[in-house]
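A.B. asks: Structure in structure tokens, see below.
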Amino acid sequence: MSIIFWQCLARMIDTNQQQQISMGNSQQMPTMNSLNSSPDDETTSLLNNMGTASKSTASSSDITISTLAESPSNDAESQCSDEVTKKRHAWLLPFFINIFLACASFSIVMPSLSPYLLEVGASMSYLPWAVASYSIGEMIGSVAIGTFYEFATHAFSLGRGPRYSMMMCICFGIVGSTLYASAAWVDSSYTAQYFIVAGRFLQGVWTGGQQAIEQAYISAAIEPSKRVEFTATLSTCAVLGFVAGPTIGALLSMIDTTVLGLRIGANNAPGLFILLANTVMLVQTALFFDGKDDCTGERVKEADEEDQVDSSSGNSEYKPFNYMGVAVSMFLFYIHYYSFAVQETIITPLSRVLYDWDSIEVNLLFTCAGVLSLITSFAVRLLARHVEDRILLVASILIGFIGSAFLMDLPFSPDLPVWRFLAGFSLVNVAFPIGRNVVLGIFGNVLGPVNQGRWMGAMIAISAFPRIVGPFIALELLEMVRWKTWLEFGICACLFFVVFALVMQNIDLLVPYEDFLDDFEKNVKQHGRNQLQEVYSPIPSPIIGRRPVVRKPRAQG
């Protein structure tokens, strides 16, 4: 199955690449030579004419690859567009491999975590810390490494910032996996339990930072109309990793051997597998990921120079920030993750209490949920080509609301019927991948052509927070009403209703930054700039690094 999937994935990559090139070619002025030449001949012709393009504005306008190439012609931009043309998104396969291995690593560890703590002599009171430390590391790592990604992209030459950031991120995973696996070789149980908690924390730093880098890179390398589709494709690899993880873990559980005097058993074998996976990721990232599709660092350098010139001449222009679009996207992202974290936490104990299901039935339920999420991610990728992003966004909210409502029992009614339990569980598992993929794509569009490392880091941190506090809140709410579900899922349904009203109120702001800027300029003509500056705050939060760099075409002369 995995071989078939990767073959399909390779075809998907090739299809996306051909669509990117065909879109770029469709915007060029047709000539007899271009009509009669092959794609390779067209690329060669473009490369040969790069010197002429720097002298002629008309020639430079013929090279349109993506949003990154829409700014005026200059040496850095021409080099960047040239690289994008030749590589045709060669970074996709390294990203797919990294995401698959990272998500498989997460699901491999979870079944063996509590037995591992018992094996090293630790108290089960450390289990919540071992589980929460991963999410805490994910929250910290996403913000810290996302911030470093933004700095490195600006500080280093083209391509080195994303590459160094990804390799540094994977190194945290290597150290964390080494600590986790070596806990079984430590004599002191006190030290071993801290090895496990610290290892899980560093693994969280790795995965949080990796997600922030990947989403920031997608926003820089892919034009707005394709971001949801590419995000859904990456999410498909993530879901496949989650589904494949327990199978790999079952194979690792049969290991019981000694190598160089060190015992390798069922509980620390997952740590060694993650160490091997991180090593593979580090090598293939160093060899095949050059990071040159993210040209935001070059744009920032030019923007700084232009800002200095504008400030000295007194011609600096105010550019608004779509703070409401950013806030709505973040809030919606949190609601989807909160709903998913609640379900992830309580479904197992709830099914045992209400229906007396055994482990086999619960595992079958989650296996079906993984397959359903995989199918949904594929569907989102296809729907994103034909359906507007905001329609998919509203659909995810409504599906989440209906699913939460199905999972509610009435205070005066008997236990929740099985069919409603399964229907609600399925709908929430459909709503989550739709909402996650679409929100991330829209969020990148709302931010605009700016390095999004810190912003994507903040977004991933928001998703980690519900998984830290969700388990404690969810179980407490169930126990308050004697394992009735109306309070827990009633809160989820209300949150979906609130965010639905918020999205519908601000639906016109959930658009690419270029469209937002056009609307702002139209309003300036009607209401005046001073009045609108009070509405569109240029600094919506302390985390913002800089405002989007949007250039107007230079006058031809």
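A.B. asks: One quarter of the convex hull surface, Cα atoms only: what value does that give for the range 124-273 in nm²? Present the calculation step by step, with values, prior to reporting the outcome.
C.D. replies: On the way: hull surface 43.2 nm².
Approximately 10.8 nm², given one-decimal rounding.
A.B. asks: Given H placed on each backbone N at 1.01 Å, which residues far from Ile222 in sequence or on other chains put an amide H within less than 5 Å of it?
C.D. replies: Here the answer is none, since no amide H 5 or more places off falls under 5 Å of that of Ile222.
A.B. asks: Of Lys226/Lys292; Lys226/Lys525; Lys319/Lys525, which sit over 22 Å apart, Cα to Cα?
C.D. replies: Values: Lys226/Lys292 19 Å; Lys226/Lys525 32 Å; Lys319/Lys525 15 Å.
Too far apart for the 22 Å limit: Lys226/Lys525.
A.B. asks: Show me the chymotrypsin sites (Phe, Trp or Tyr not before Pro) within the range 395-445 that DSSP assigns to loop and that have at most 13 other Cβ atoms within 10 Å of their Cβ. Write out the running numbers ahead of the final one.
C.D. replies: On the way: sites: Phe401, Phe406, Phe412, Trp419, Phe421, Phe425, Phe443; in loops: Phe412.
Passing both the DSSP loop test and the Cβ count: Phe412.
A.B. asks: Still on this model: At a 1.4 Å probe radius, carbon and sulfur cover how many percent of the accessible area of the range 326-448? Don't skip to the answer; put the middle values down first.
C.D. replies: Values: 3460 of 4750 Å².
Result for the range 326-448: 73 percent of the exposed heavy-atom area is carbon or sulfur.
A.B. asks: Just to verify a number: what accessible area does Met324 come out at with the full protein assembly present, 1.4 Å probe, Å² rounded to tens?
C.D. replies: For Met324, solvent-accessible area is about 60 Å².
A.B. asks: Take Trp486, Trp455 and sort them by solvent-accessible surface of the protein heavy atoms, 1.4 Å probe, largest at the top.
C.D. replies: Numbers: Trp486 90, Trp455 10 Å².
Largest accessible area first, the residues go Trp486, Trp455.
A.B. asks: With the Cα gyration tensor of the range 348-435 giving a ≥ b ≥ c as the square roots of its eigenvalues, does the rule (a/c under 1.5 for rounded; else a/b larger than b/c for prolate; else oblate) give rounded, prolate or oblate?
C.D. replies: In terms of gyration-tensor shape, oblate.
A.B. asks: Mind running the shape call on the range 211-299? Use the C-alpha gyration tensor, a ≥ b ≥ c as the square roots of the eigenvalues: rounded below 1.5 for a/c, prolate if a/b tops b/c, oblate otherwise. It would help to have the intermediate numbers written out before the result.
C.D. replies: Values: a/c = 4.70, a/b = 2.08, b/c = 2.26.
It is oblate, given that a/c is not under 1.5 and a/b is not larger than b/c.
A.B. asks: Please report, as a whole percent, how much of the solvent-accessible surface of the range 453-508 comes from carbon and sulfur atoms (probe radius 1.4 Å).
C.D. replies: Details: 1750 of 2510 Å².
Summing carbon and sulfur atoms, their accessible area is 70 percent of the total for the range 453-508.
A.B. asks: Let me check something: with ligands and nucleic acids excluded, how do Asp515, Asp293 order by accessible area (1.4 Å probe), largest to smallest? Please report the intermediate quantities before stating the final value.
C.D. replies: Numbers: Asp515 70, Asp293 0 Å².
Result, largest first: Asp515, Asp293.
The values are calculated or read from the model by the stated rules, or taken from the named source; none is laboratory data. All values reported here derive from a predicted model rather than from experimental measurement. Heads up, the Cβs are rebuilt from the backbone with ideal geometry, glycines too, and the neighbour counts pull from every protein chain shown. These accessible areas exclude ligands, DNA and RNA; they are computed on the full protein's heavy atoms, side chains included. Shrake-Rupley method; radii C 1.70, N 1.55, O 1.52, S 1.80 Å.
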